[in-house]
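In what follows, a structure is listed as structure tokens, so that the remarks can point back to it.
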2 protein chains.
Amino acid sequence: MGRAVRPRPRPRATYHHGNLRSALIEGASTLLEREGPLGVTLRGAARQAGVSQAAPYRHFPNKSALLAAVAEAGFESLVRTMHLAARRHRGSPAAALEAMAKAIVRFAAEQPSRYRLMCGPAVRGRDHPSLLRAASAAWDLLTTTIRECHRAKRIRPGDPAQQGFVFWSTIHGLAVLVVDEQLPPPVLRAHSLEQLAGYATTVVLAGLAP
Amino acid sequence: MGRAVRPRPRPRATYHHGNLRSALIEGASTLLEREGPLGVTLRGAARQAGVSQAAPYRHFPNKSALLAAVAEAGFESLVRTMHLAARRHRGSPAAALEAMAKAIVRFAAEQPSRYRLMCGPAVRGRDHPSLLRAASAAWDLLTTTIRECHRAKRIRPGDPAQQGFVFWSTIHGLAVLVVDEQLPPPVLRAHSLEQLAGYATTVVLAGLAP
DNA sequence: ACCTGAACACCGTTCAAGT
DNA sequence: ACCTGAACACCGTTCAAGT
């Protein structure tokens, strides 16, 4: 048959060198974006990495551990995004809160499957301590900003954790509604997601005003 | 071996009579409570109903349709619970809102898998109109109560849908945090879920005050 | 009209075996 | 130390066949 142009398997890069772990995380993320949360598969991630179906078990005890690693990277990315949003409002913690709210909702709208995975039942934080740590960094950023609002007299005195959880519930709730496409169409038609996030922030801040 | 006491398959009841559909919904709900959202299986629901693995396809086009039916029953139950909670506060719509908030969070805490299924990616409302109708009944109840708050001068004038979505985001967000076990332990230790739901309602109502 | 049995293409996971 | 190949017990779904 001579030198037929036959499709070759993807170049293997340099696995066998210790970076299969991150290649699997990347492969799972690719599947997540392309196929949704239900399309993420251990075998599929292995295929993406150009490796046999049993290879992942050298790096993760089970599927859930791989998903937890993907979720962890998601939280790191989310916290980075929140930081960036807040940084532009250094002197005004209330404005920083609003910017973070919009950033969270934008993050969820742009990568719904990722956001769902980060919060969903596929990974139970209890079983994955490093995922818990990544998630609590978001909480910390939030409560820190709440404390700044105290100092700036934009929020009445009180337990920052308790006040923060109301804020987080509201924004996370909106993000989840967006991700699950559960916002009633009339609301969606009348307002952009940014407007909704801004409005929700305004209401909660007014409710917490001194 | 004489009359050995051998375990018999569950009595078949009277399927073949048109109630296999509801038997499958019940079987799936049983699995949902017992094994969690990831343990719900079409084959398992068929087993629960004492029927072959292919039988469900006479009644549901696919697994997602069965899950949507389970989710639909969940929304009906939730709306009933909300109604009951609100009914005891006929003259005070603000108190009714708070009672509904607590009822929603209690519902989610008591049946986390069910609540997750109702909102999660396993069933996309868009593909299941009757699920959408069941879900929007909850929204309707909420906006109706918001309108009563307008009349009672407990909430400032404004679009009930927009105000309702903030309230719903907050309570749904809290419910989802509970279901996903994402509330920080310090918050949980200091307050009961009822207290958290009450506090969140108070904050949002204050933010929407005239 | 409603259900069964067998089959297909997929999973997650395990385990001996290779280098 | 790291990976492969084959196997096991499960899925969702289809389809001929039974009554």
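The values are calculated or read from the model by the stated rules, or taken from the named source; none is laboratory data. Computed from a predicted structure; not experimentally measured. Every residue, glycine among them, receives a Cβ derived from its backbone with ideal geometry; neighbour counts consider all protein chains shown.
Tabulated values for the structure
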{"quantity": "The range B:35-57 - residue that is at pLDDT below 95 and surrounded by fewer than 15 Cβ atoms within 10 Å (Cβ to Cβ) and, of those, farthest from DNA strand C (Cβ to nearest atom)", "calculated": "B:GLU35"}
{"quantity": "Selection status of B:GLU148, farther than 22 Å from A:LEU196 by Cβ, more than 9 Å from every other protein chain (Cβ to nearest Cβ), of a type in the set (Asp, Glu) and buried (at least 18 other Cβ atoms within 10 Å of the Cβ)", "calculated": "yes"}
{"quantity": "Single condition B:GLN163 does not satisfy, out of (1) surrounded by fewer than 23 Cβ atoms within 10 Å (Cβ to Cβ); (2) touching a Lys or Arg at 6+ places or on another chain (Cβ under 9 Å); (3) in a helix (DSSP H, G or I)", "calculated": "(1)"}
{"quantity": "Residue in the range B:105-121 that is within 30 Å of B:PRO210 (Cα to Cα) and within 13 Å of the chain's Cα centre (by Cα) present", "calculated": "yes"}
{"quantity": "Matching residues, the range A:13-26, being within 13 Å of DNA strand D (Cβ to nearest atom) and either assigned to a helix (DSSP H, G or I) or at pLDDT 95 or above (or both)", "calculated": "A:LEU20, A:ARG21, A:SER22, A:ALA23, A:LEU24"}
{"quantity": "Residues located in the range A:134-160, provided they are of a type outside the set (A, V, I, L, M, F, W, C) and part of a helix (DSSP H, G or I)", "calculated": "A:SER136, A:ASP140, A:THR143, A:THR144, A:THR145, A:ARG147, A:GLU148, A:HIS150, A:ARG151, A:PRO160"}
{"quantity": "Residue count for the range A:197-210, restricted to those that are out of contact with any Lys or Arg (no Cβ under 9 Å at 6 or more places or on another chain) and facing another protein chain (nearest Cβ under 7 Å)", "calculated": "6"}
{"quantity": "Output for the range B:107-121, where each listed residue is surrounded by fewer than 20 Cβ atoms within 10 Å (Cβ to Cβ) and among the aliphatic types (A, V, I, L, M)", "calculated": "B:ALA109"}
{"quantity": "Residue check, B:GLY74 within 8 Å of DNA strand D (Cβ to nearest atom), at pLDDT 95 or above and assigned to a helix (DSSP H, G or I)", "calculated": "no"}
{"quantity": "Failed criterion for A:LEU188 (all others in (1) over 17 Å from B:VAL204 (Cα atoms); (2) in contact (Cβ under 8 Å) with a residue 12 or more places away in the chain; (3) among the hydrophobic types (A, V, I, L, M, F, W, C); (4) more than 7 Å from chain B (Cβ to nearest Cβ) hold)", "calculated": "(2)"}
